[in-house]
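Just so it is clear, none of the values below were taken in a lab; they were calculated from the coordinates. Given the structure is predicted, the values throughout are model-derived calculations rather than measurements. Virtual Cβ from ideal backbone geometry, glycine too; neighbours counted across all protein chains shown.
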Amino acid sequence: MAPSTFQPTSWRTPDIEEYRAQVRRFVATEVAPHQQRWAKQQHVDRELWNKAGALGMLASDVPSEYGGSDGNVAHQTVMIEELTAVGDTAFSISVHAIVQQYILKQGTEEQKRRYLPKLASGEMVGAIAMTEPGGGSDLQGVRTRAERQGDHWVLNGAKTFISNGFLADLVVVVARTGTEPGARGISLLLVETKDRPGYRVGRVLEKLGQKGQDTCELFFEDVHVPADAVLGGETGRGFYQLMTELPYERTLIAISAVAAVERAVQITADYARERMVFGKPLLEMQNTRFVLADAKTKALVARTFLDRCIEALAEGRMDSVTASMAKLWTTDLQCEVIDDCLQLFGGYGYMLEYPIAQMYADARVQRIYGGANEIMKELIARSL
Amino acid sequence: MRLTDEQRAVQEAVRAYVQAEIAPHAAEWDRTHHFPKEQLRGLADLGCWGIAVPPEWDGAGLDYSTLSVVLEEIAAGDGATSTVVSVNNCPVCSILMAFANAAQKERFLKPLARGDMLGAFCLTEPHVGSEAGGLRTTARRDGDHYVLNGVKQFVTSGKNADVAIVMAVTDPDAGKKGISAFVVPTATPGYTVARIEEKLGQHASDTAQILFEDCRVPLANRLGEEGMGLKIALSGLEGGRIGIASQSIGMARAAFAAALAYAKERVAFGKPIFEHQAVQFRLAEMATQIEAARQLVHHAAALKDAGEPCLKEAAMAKLFASEMAERVCSAAIQIHGGYGYTADFPVERIYRDVRVCQIYEGTSEVQKILIGRALA
Ligand SMILES: Cc1cc2nc3c(=O)[nH]c(=O)nc-3n(C[C@H](O)[C@H](O)[C@H](O)COP(=O)(O)OP(=O)(O)OC[C@H]3O[C@@H](n4cnc5c(N)ncnc54)[C@H](O)[C@@H]3O)c2cc1C
Ligand SMILES: Cc1cc2nc3c(=O)[nH]c(=O)nc-3n(C[C@H](O)[C@H](O)[C@H](O)COP(=O)(O)OP(=O)(O)OC[C@H]3O[C@@H](n4cnc5c(N)ncnc54)[C@H](O)[C@@H]3O)c2cc1C
């Protein structure tokens, strides 16, 4: 593809591109060769977390006083982009990063000192447990409950669809700590999973795609956690904390969506250039040219919006409505463009050996998790 | 259109069988890549393998409208099974009906229509799918035999079939007129299953790459005259398109039914999600699209049954129904939320199964080429 002189980015500094080169090497050696095996075992190798941690890739946007690398969301972006470039969906560094943001932005000083360095090194893998079997969209309806007993909380409930659930050492659990209805009774508890009686990881769910990602059910049966496990130390603030950090999570999803769109256009253009139909390259058929022209245009529109989102997030001025728009629009686009691209592969597009088929299966959930896209519209509509 | 009493009776019988014997196992077959021999036998006993084949050739003696009804029912239970049955009907049986001589019909069509033999169709090659005229597989005449050499790609039932209709070049200098059609028992030496593809969906149906290496086929197995191959291959596609369109509708219908039931049960924000306008409108649209596609397919089938030209209509039906089905199945996943992405709910599989309907038996783009030609 001809290079574009349109440079919409301010976050792609030379520094960032240097980091990208390092990440790319890491992904090429430590991720790409293992993808099929991970898909089969339904999780990445536990050591991958330690390896990435040792290279400073797990906490790029956390201050160094807590074990991070003093970078910002641009570094996370690079990591997500490079993983997407090899089609990886198993290594959920995003969820891990969000856990760190919760603790960094909302945690007590003691919680930061206790957990952030371990999350940065990969000694601990993080997960977030919001969704329950009975509901994911309506977060105020959570039923998991923590009762105060002396200097402990006793946790009971079930969670489902928890990314990183199988390997998680630290789970941010959304639970009711009070009797107040709705948002007010909700707190986030930091639950260490090692040697924690009553904590049980259910099966790793079988999914349409993202097969190497350990998405699990989690069960809590009279799980005792210390009184100071409440994020930020104060109960009843959980819903507010969730709402504050969800824009970060949603922007990360948008980053992966746009990276996937760009990859799809690239690999499809490459295929269409090589594949001959009716005596000429598929890329010379007007339909192909127009489908890909459309996709490439949308990819750049998405990229331009996304870059603004990344800048805003880096500067701490991302708002919830804009993040919802980014998540909604880019994930819808991802599914649309990948579907169009798959079609151009003909029968080969249906074969898992071709990355486009895998991308199709992996993409579909992006419109569901991180808040279903209907919920994004609800949130956006409220700003009207 | 309205179904006739006979069509309704067939529909009820097939639906009862499919819902009892196929639908409950579809998820398991998908997981284990199990080829449902026993249930295919059951479908054969109901006459589903040679629906439009006359009784004198051991078929059910019904028409394409009924074929459409039947394939919708099978696909509503399992998309992969419907593909196997679909190929056996069209193009395999339909080609033999039109081009086989009496001896060939006796030997191949009868057992295929009864379900004692399973049929495959070998047209696509690794380098060429949409352009049926660009084949490289050759059939060289050697005494009273032809010797086949080449590679065929994406052959449905390539491993499980007993007999394959194979398109091969007999006269390399004659271009499109140099292709001939052969009936090849898969037990013939030189017919080798080179690989089984790992697909996005339809795991219960094997899609194979077939290697022909000095595969000797008697002269008696040639269909029609030398050079008629392309005409023969394309003749089977109209009915095939009605078949794939019907399968699309069946899969969409199953996903829709699952989503509707789920929407009425699942509660979010204090009410069944069916009560949220966005969900209800989505379901309304899905129902409308399914019905529109069904009418279009039945219209094409009715034309074919009346002996009227229906190339354009069959192409339109295949195009519209297959694209509709992808949208409907995707919407069904969305309505299921996170559960829709897991193998615990049928919509996950149906979404994977249905995507190929826009690709095989002529891609959507090829359908547009055909419709475009009809408009020219
Ligand atoms: C692979 C995967 C990974 C995940 N990872 C995590 C994780 O790490 N942590 C976590 O907590 N959760 C996770 N989730 C859960 C995910 O966030 C939820 O599935 C999602 O929020 C939707 O919730 P639900 O599945 O309960 O659907 P429901 O809330 O039951 O919604 C069902 C359907 O109804 C629609 N709907 C609901 N309310 C309305 C309304 N008011 N108006 C219109 N439509 C409505 C929804 O949009 C959806 O289409 C994951 C899910 C998957 C599949
Ligand atoms: C599961 C499965 C089962 C199958 N079963 C069988 C079978 O039993 N027997 C058999 O013979 N084949 C079978 N096929 C093959 C199928 O029919 C072909 O894949 C299909 O015809 C497309 O051919 P292709 O894959 O070579 O794509 P190509 O022909 O390479 O097409 C690639 C892309 O180019 C587009 N294109 C092609 N020509 C044009 C044009 N002129 N203008 C614009 N766009 C164009 C196509 O629409 C497509 O999007 C099967 C395929 C699958 C996936």
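A few notes on this one:
- When chain B is reduced to its Cα atoms, the Kirkwood hydrodynamic radius in Å: 20.9
- GNM flexibility winner over chain A from A:ALA264, A:ALA90, A:ALA54 (Cα, springs under 10 Å): A:ALA54
- Under a 5 Å amide H cut-off, with hydrogens placed 1.01 Å from N, A:ASP70 pairs with A:VAL62, A:SER64 among residues at least 5 apart or on other chains.
- Once each of the chymotrypsin sites (Phe, Trp or Tyr not before Pro) sitting in a DSSP loop with at most 13 other beta-carbon atoms within 10 Å is removed, chain A keeps A:7-277 as its longest stretch.
- Viscosity 0.890 mPa s, 25 °C: Kirkwood-radius Stokes-Einstein D of the protein assembly as shown over Cα pairs, µm²/s: 88
- Theoretical FRET efficiency, 1/(1+(r/R0)^6), r = Cβ-Cβ of A:ASP294 and A:GLU315, R0 41 Å, to 0.05: 0.80
- Maximal additional length on extending the A:GLU65-A:GLU378 stretch stands at 108.8 nm, based on 0.36 nm per residue less the C-alpha distance.
- Cα long-axis angle, helix A:14-26 against chain A (0 to 90 degrees, to the nearest 10): 90
- Förster radius 56 Å - calculated FRET efficiency between A:GLU110 and B:ALA292, Cβ distance, rounded to 0.05: 0.35
- Contour excess over end-to-end distance, with Cα ends at A:ARG143 and A:GLU221 and 0.36 nm allotted per residue: 26.8 nm
- Taking the helices alone, the protein assembly as shown has a mean residue ellipticity at 222 nm of -15500 deg cm²/dmol, built from -39,500 (n - 2.57) per DSSP H run of at least 4 residues and averaged over all its residues.
- Relative contact order of the range B:1-92, pairs being alpha-carbon contacts under 8 Å that are 6 or more residues apart, as %: 31
- Reachable lysines, given that their alpha-carbon falls under 25 Å from the alpha-carbon of B:LYS304 and they are not under 8 places away in the same chain: B:LYS105, B:LYS110, B:LYS231, B:LYS312, B:LYS318, B:LYS368
- Amide hydrogen neighbours beyond the local backbone of A:GLY202, cut-off 5 Å, H modeled: A:GLU217, A:LEU218, A:PHE219
- Cut-off under 5 Å, modelled amide H: who pairs with B:ARG141 long-range: B:VAL147
- The range B:166-233, relative contact order in percent, only Cα pairs under 8 angstrom and at least six apart counted: 44
- Local charge for B:THR4 was computed over the other residues whose Cβ lies under 14 Å away, with Lys and Arg +1 and Asp and Glu -1, and equals -3.
- Simple spin-label estimate for B:MET1 and B:GLU285 in nanometres, 7 Å along Cα-Cβ: 2.8
- For the range A:302-318, 3J(HN,Hα) computed residue by residue from phi via the Karplus equation (6.51, -1.76, 1.60; θ = phi - 60°) reads 5, 4, 5, 4, 4, 4, 5, 5, 5, 4, 4, 5, 4, 9, x, 10, 6 Hz, glycine and proline entered as x.
- Net charge contributed by nearby residues that have their C-beta within less than 13 Å of B:ILE95 (K/R +1, D/E -1): +2
- Evaluating 6.51 cos²θ - 1.76 cosθ + 1.60 at θ = phi - 60° for every residue in the range A:197-203, the Karplus couplings come out as x, x, 8, 9, 8, x, 5 Hz, glycine and proline recorded as x.
- Cα centroid of the range A:174-192 to Cα centroid of the range B:269-348, whole Å: 41
- Difference of contour (0.36 nm per residue) and Cα-Cα distance, B:LYS368 to B:GLN277: 29.3 nm
- Square roots of 5 times each gyration tensor eigenvalue, C-alpha, the range A:127-237, largest first, Å: 23, 16, 11
- Vicinal HN-Hα couplings computed from phi for the range A:250-261 (Karplus, 6.51 cos²θ - 1.76 cosθ + 1.60; Hz; Gly/Pro x): 5, 5, 4, 4, 5, 4, 5, 5, 5, 4, 5, 4
- Computed E for A:GLN266/B:GLU213 - FRET, C-beta separation, R0 30 angstrom, nearest 0.05: 0.20
- Per residue, the average separation of C-alpha pairs within less than 8 Å and at least 6 apart gives the range A:14-124 a relative contact order of 33 percent.
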